[in-house]
Amino acid sequence: MKFTKEIKIALVSILGIVVLFFGLQFLKGLSIFSNDNSFYVAFSDATGLSESSPVYANGYRVGVVKSLDYNFDPQGKIIAVVGLNKQMRVPRGSRAELASDLLGNIKINLVLSDDPLHMLAVGDTISGEAEVGMMSKLGAMMPAVESMLPKLDSIMTSLNKLLADPALQQTLRNVEGTTANLEATSRELRVMSASLNREVPTLLTKTNGVLDNTQTLTANLSAVDVAAMTAKVDQTLKNVQEMTDKLNSPDGTLGLLMRDKQLYRNLTSTAADADSLLIDLRENPKRYVHFSVFGGKK
């Protein structure tokens with residue numbers, strides 16, 4: 001059979017279209033030949049999800065989104081047809097989550113359940129939901145943040161008033177002065193510590209000498225006969241007591257002298273007469289003494 005030029009061009013064009021089709025499928029991540037199992041994933045909101053979006057399980061790519069379709073029933077679910085590797089087994093109770101990377105690309109993460117006995121069959125539907133990521137958490141926190149804004153504004157106003165208060169500035173200056181005093185005290189303590197470090201050895205030497213003297217004194221005290229000394233002290237106290245008893249007794253001479261009132265009066269009178277005699281003797285000595293070198297009348 002003879003191929004004309006037109007037939008050759010047509011065959012090359014058809015071959016180019018086929019290669020282009022499979023090349024596009026390959027670039028989208030779709031299998032050129034059917035080598036996967038199809039499952040359905042139902043989402044209430046599939047924003048950002050598109051055909052050829054990857055499917056991951058535990059961080060490993062296990063499939064790709066083949067197509068998206070909207071279910072026009074009252075629930076209004078978006079049904080995604082995903083092709084998973086034939087070796088991938090999905091336990092019953094697993095779910096699919098929509099997640100995005102830092103560049104905003106949307107992917108599906110399969111969260112596998114812990115049921116090793118019951119597996120989903122090919123063509124079953126997997127429950128889908130949006131991943132509770134950082135942005136979702138921030139969205140949930142926005143009402144609380146909005147309610148806190150008035151309080152935050154009041155706190156900032158009070159803080160501005162506090163910072164503008166002259167008393168705070170004075171307090172800061174006082175704190176600065178206190179810090180300077182603490183630094184000076186710290187320097188003095190360092191100097192004192194250095195002085196103590198120099199003087200402590202000498203002090204310890206003196207202390208050792210005092211301890212030696214104390215030990216010597218203790219040894220001397222230990223050598224004293226305390227019993228004999230105590231006996232002597234007791235005898236002395238006994239003699240003093242006997243002397244005191246004799247003095248207090250009316251039968252002794254000293255007791256009589258101490259207790260006889262008439263004797264006291266006589267001694268007082270005698271002392272008065274002697275005093276008068278001495279006065280008269282001093283005033284009239286010739287009355288009592290006669291003295292002459294050459295003699296004279298009697």
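The values are calculated or read from the model by the stated rules, or taken from the named source; none is laboratory data. Worth saying up front: this structure is predicted, and the values here are computed from it rather than measured. Every residue, glycine as well, gets a Cβ built from its backbone with ideal geometry; the counts of neighbours run over all protein chains shown.
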Original post:
Out of all the residues in the range 73-100, which are in a loop (DSSP other than H, G, I, E, B), free of Cβ contacts under 8 Å to residues at least 40 places away in the same chain and more than 15 Å from THR47 (Cβ to Cβ)?
Top reply: ASP73, PRO74, GLN75, GLN87, ARG89, ARG92, GLY93, SER94
Subject >> Sole residue being in a loop (DSSP other than H, G, I, E, B), closer than 26 Å to SER52 by Cβ, modelled with pLDDT of 85 or more and not aliphatic (A, V, I, L, M), chosen from GLY128, GLY123 >> reply: GLY123
Subject >> Test: residue in the range 104-115 that is at pLDDT below 75, surrounded by fewer than 13 Cβ atoms within 10 Å (Cβ to Cβ) and either in a loop (DSSP other than H, G, I, E, B) or not assigned by TED's automatic domain parsing to the domain that holds ASN85 (or both) >> reply: yes
**OP:** Collect the residues in the range 145-163 that are among the aliphatic types (A, V, I, L, M) and within 32 Å of the chain's Cα centre (by Cα), keeping them in residue-number order.
**Re:** VAL145, MET148, LEU152, ILE155, MET156, LEU159, LEU162, LEU163
Original post:
List, please: which pairs have Cβ atoms under 9 Å, are six or more places apart or on different chains, and start with a residue in the range 52-63 that is more than 16 Å from SER94 (Cα to Cα) and touching a residue at least 24 places away in the same chain (Cβ under 8 Å) and end with one that is aliphatic (A, V, I, L, M) and assigned to a loop (DSSP other than H, G, I, E, B)?
Top reply: SER52/LEU30
